[in-house]
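Novice: First the structure, then my questions, so here it is.
The values are calculated or read from the model by the stated rules, or taken from the named source; none is laboratory data. All values reported here derive from a predicted model rather than from experimental measurement. Don't worry about glycine lacking a Cβ; one is built from the backbone with ideal geometry, like all the others, and counts go over all protein chains shown.
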Amino acid sequence: MHTETFAVEQSLPGERLDKFLCGKYPAASRATLKRLIEEGHVRVNGQAVKPSHAPRAGERIEIDWPDPKPAGIQPVAMPLDVLFEDDSLLVLNKPAGLIVHPAEGYDELTLVHGLMHHCAGQLSGIGGVARPGVVHRLDKETSGCLVVAKNDQAHLGLSRQFAQRTVRKIYHAIVCGALADAEGEIRAPIARHPSHRRKRMVVRAGDMTSRSAHTRWRILERLAAATYLETQIFTGRTHQIRVHFQFLGHPLVGDDVYGRKENREIARQTGFAPPRMLLHARELGFKHPRTGQEMTFQAPLPEDFRQALQFLRTAESSGGGR
């Protein structure tokens, strides 16, 4: 167990302590933080409090982080494309088709199985479970840059940067159709789909469960019946890029969840059958959680993405798709 102490900078009369701590430590779930408060592992000015306590300026908060318990995930040796690694973290180029973390009912190999083997003895334990510090995730079909924390200090430091929206996240994507403008941005709140809550998200303004989402994009190249984009996200909502471009009427090429009809039209016009959803985490930038050094990493486009570009370029040059 290790203890972390900090001072509250501003009074928050309308905020609960568990919710306040969830914003400060996004790597830990609100349920975990509530349990730690109820068990006396969180103290305010040396005293145990309730999860509903409203933080006040000047209060000193102590948190006893418990020693991690085994995660029950067996280490498995697998090839990892490591872009950078030190004692605190590693940055990977995740291949498409690999799920980051096992979910209930999913018994296939995931990236975490490989990380358990690669990072043996260096595991983040935020939330009380020993596992490699998955600070953020990419969808199964999304390739590219992913940062992993090796210890609690790195995990907390990186999580704060994601929560404060200081991490630079650049993606490359191919979307259906031709966007009219050369660049633009989308500010549209996202919530779970009312009738497909487990699989889909949707833009929903005025919904109490919606969370703000901000995406900026620019065109890299116009293709046959499609557009190659660079997009930067300033928030990290589930399926954010996929949902925002569906909202614009230009879902991602290969996205069967949000763009089945539009992808059928691309196939009709060009004969193109995408190998997967064409989204790639091209660049990731953040401050090293231990040294404070600014770091930027880039993952090259994978072969299937490059082949898709070439096919749609060829269709464009021969007059297809217009």
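Novice: Given the residues Glu141, Glu183, which is the only one that is crowded, with 16+ Cβ neighbours inside 10 Å, modelled with pLDDT of 95 or more, over 23 Å from Asp87 (Cα atoms) and of a type in the set (D, E, K, R)?
Specialist: Just a single option satisfies the conditions, and that option is Glu141.
For (1) outside any loop (DSSP other than H, G, I, E, B); (2) polar (S, T, N, Q); (3) surrounded by fewer than 20 Cβ atoms within 10 Å (Cβ to Cβ); (4) touching a residue at least 24 places away in the same chain (Cβ under 8 Å), each residue gets a yes or a no:
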| residue | (1), (2), (3), (4) |
| --- | --- |
| Gly249 | no, no, yes, yes |
| Asp256 | no, no, yes, no |
| Glu262 | yes, no, no, yes |
| Ala267 | yes, no, yes, no |
| Phe272 | no, no, no, yes |
| Pro275 | no, no, yes, yes |
| Ala281 | yes, no, no, yes |
| Gly285 | yes, no, yes, yes |
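Novice: List, please: which pairs have Cβ atoms under 7 Å, are six or more places apart or on different chains, and start with a residue in segment 37-56 that is free of Cβ contacts under 8 Å to residues at least 12 places away in the same chain and end with one that is assigned to a loop (DSSP other than H, G, I, E, B) and loosely packed, with under 13 Cβ neighbours inside 10 Å?
Specialist: Final answer for the pair search is Ala48/Gly40.
Novice: Can you tell me which residue in segment 4-33 is farthest from Val134 (Cα to Cα), limited to those that are free of Cβ contacts under 8 Å to residues at least 24 places away in the same chain and among the charged types (D, E, K, R)?
Specialist: Checking each candidate, the answer is Lys19.
Novice: Which count do you get for residues in segment 133-174 that are among the acidic types (Asp, Glu) and either closer than 14 Å to Pro95 by Cα or within 13 Å of the chain's Cα centre (by Cα) (or both)?
Specialist: 2
Novice: When only residues in segment 233-267 that are under 21 Å from the mean Cα position of the chain (by Cα), polar (S, T, N, Q) and modelled with pLDDT of 95 or more count, which is farthest from Arg216 (Cα to Cα)?
Specialist: Across segment 233-267, the extreme among qualifying residues is Gln246.
Novice: Within the group Glu294, Glu230, which residue is within 23 Å of the chain's Cα centre (by Cα) and farther than 30 Å from His196 by Cβ?
Specialist: Within the list Glu294, Glu230, the selection yields Glu294.
Novice: Something else about it: Just to be sure, is Glu294 within 20 Å of Leu83 (Cβ to Cβ), touching a residue at least 12 places away in the same chain (Cβ under 8 Å) and touching a strand residue (DSSP E or B) at 6+ places or on another chain (Cβ under 7 Å)?
Specialist: When the stated conditions are applied, Glu294 does not pass them.
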